[in-house]
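One structure follows; several queries about it will come next.
The values are calculated or read from the model by the stated rules, or taken from the named source; none is laboratory data. Quantities reported herein were computed from a predicted structural model and do not represent experimental measurements. Because the Cβ atoms are built from the backbone with ideal geometry, glycine has one as well, and the counts that use them run over all protein chains shown. Just so you know, the surface numbers come from the protein's heavy atoms only, side chains and all, with ligands and any DNA or RNA stripped out. Shrake-Rupley method; radii C 1.70, N 1.55, O 1.52, S 1.80 Å.
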Amino acid sequence: MEINILHLYHDLLNLYGENGNVRMMAKHLRDQNIEVTVRSSEIGEEINFSDYDFVYIGSGTEKNQLVALEDLLRYEDDLKLALDQGLVMLATGNSFEIFGQYINDMDGTIIEGLKIFDFHSKRCNDRVTSDIIYRADFLEKDIVGFVNKMSCTYDIDNYLFDVKFGVGANDDSKSEGVRVNNFFGTYTIGPILFRNPFFMEYLSKLIISNKDEGFVFSDVKNEDQYKAYEIVLSELENRMHKS
């Protein structure tokens, strides 16, 4: 089996070492004796989304976010079709905002999004930062990570996480992120797959099952990664109980 991974705009949207998500996923799949090919795309390159099994797009400055949006607009229909057909995609940080209806800038300007999903985002004057613990109904373990954002998101019909500790999609929300089919969007950075091996395993099984539902997984784990996760979760839970 061969798995093809696309890292969208690796040079523009890679704050906080988010390319670690791609490296960890590739390593995890290779540990399952799967051949993995990773391609990194830049602005202006031609992309056929049907060629890929997993697409990742990371966090960037607000300026670079809009550059990426402008380039992706030409693929709006192709990307929507690929997602409807089950493509697994992870968007972290502010990159997932571009898949919504629009972004409301601080001066009131409306920036049209890809309109693949129904939510919209609004930029704010103050940056929001927070360690987080989130809960997902499809995972046995909580998500840990960090949020650093200049926006809030509204009108999400299919939230990805419930908030146990930290901030939600907006000031009035106890949920965060979006999941539609196999699209996962979250403000959480970290990188999220490095810090959350259970989430990485879940995504890898989605990716592989799209190619071979009968694939037999090997019990291969990076024990240090799991230990690091447990330490971070314990520390954050202690802070949560004290707050």
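Applying 1/(1 + (r/R0)^6) with R0 = 51 Å to the Cβ-Cβ distance of ASN238 and GLU35, what FRET efficiency is obtained, to the nearest 0.05? Don't skip to the answer; put the middle values down first.
Working: r = 42 Å, r/R0 = 0.83.
The calculated FRET efficiency here is 0.75.
Follow-up question, since we're still on this one. Got a sec? Which residues in region 88-107 would a label at LYS211 touch, if it sits 7 Å along Cα→Cβ and we count backbone N under 20 Å?
Counting only backbone N, you get 88-91.
Apply the Karplus curve 6.51 cos²θ - 1.76 cosθ + 1.60, θ = phi - 60°, to the phi angles in region 50-64 and return the couplings in whole Hz, x for Gly and Pro.
5, 7, 10, 9, 8, 10, 10, 9, x, 8, x, 5, 4, 5, 5
Applying the Karplus parametrisation 6.51 cos²θ - 1.76 cosθ + 1.60 with θ = phi - 60° to the phi angles of region 6-22, what ³J(HN,Hα) value in whole Hz is obtained for each residue in order, glycine and proline being reported as x?
Residue by residue, region 6-22 yields 10, 9, 6, 6, 4, 8, 9, 10, 8, 5, 6, x, 5, 5, x, 4, 5 Hz.
Additional query: Over its Cα atoms, what ratio of radius of gyration to 2.2 N^0.38 Å does the chain give?
Details: Rg = 17.2 Å, N = 243, 2.2 N^0.38 = 17.7 Å.
In units of the 2.2 N^0.38 Å rule of thumb, it is 0.97.
With no solvent and one equal point scatterer per Cα, compute the Debye intensity ratio I(q)/I(0) for region 1-117 at 0.12, 0.13, 0.17, 0.22 Å⁻¹ and report its log10, rounded to two decimals.
For the requested q values the scattering log ratios are -0.43, -0.50, -0.83, -1.32.
As a test of reading the structure, rank ASP105, ASP162 by solvent-accessible area (1.4 Å probe, protein chains only), most first.
Working: ASP105 35, ASP162 85 Å².
Highest to lowest solvent-accessible surface, that is ASP162, ASP105.
Here's something else I'd like to know. Report, by chain and number, residues whose modeled amide H sits under 5 Å from the one on ASN181, excluding near sequence neighbours (fewer than 5 apart, same chain).
So ASN181 has HN proximity to no qualifying residue.
Would you please put 221-227, 153-159 in order of how densely packed they are, using the mean number of other Cβ atoms within 10 angstrom per residue and starting with the highest? Don't jump to the answer; show the numbers that get you there.
Working: 221-227: 11.7, 153-159: 17.3.
Most protected by this proxy first, the peptides run 153-159, 221-227.
Okay, next question. To the nearest 0.05, how large is the calculated FRET efficiency for ASP107 and TYR226 if R₀ is 45 Å and r is the Cβ-Cβ distance? Walk me through the numbers on the way to the answer.
Working: r = 46 Å, r/R0 = 1.02.
Once rounded, the FRET efficiency stands at 0.50.
Next up: At 1.4 Å probe size, with no ligands or nucleic acids counted, give the accessible surface of THR61 in Å², nearest ten.
Accessible surface of THR61 is approximately 60 Å².
With every protein chain left in place and a probe of 1.4 Å, what is the accessible surface of MET106, to the nearest 10 Å²?
100
Could I ask something else about it? On full extension of the chain, what length is gained from ASP157 through LYS27, given 0.36 nm per residue of separation minus the C-alpha to C-alpha distance?
Numbers: separation 130, 0.36 × 130 = 46.80 nm, distance 3.31 nm.
Computed gain between ASP157 and LYS27 is 43.5 nm.
Set Lys and Arg Cβ to +1 and Asp and Glu Cβ to -1, take the dipole of the chain about its Cα centre, and tell me which of GLY190, LEU73, CYS124 lies farthest positive.
Going by the charge dipole, the pick is GLY190.
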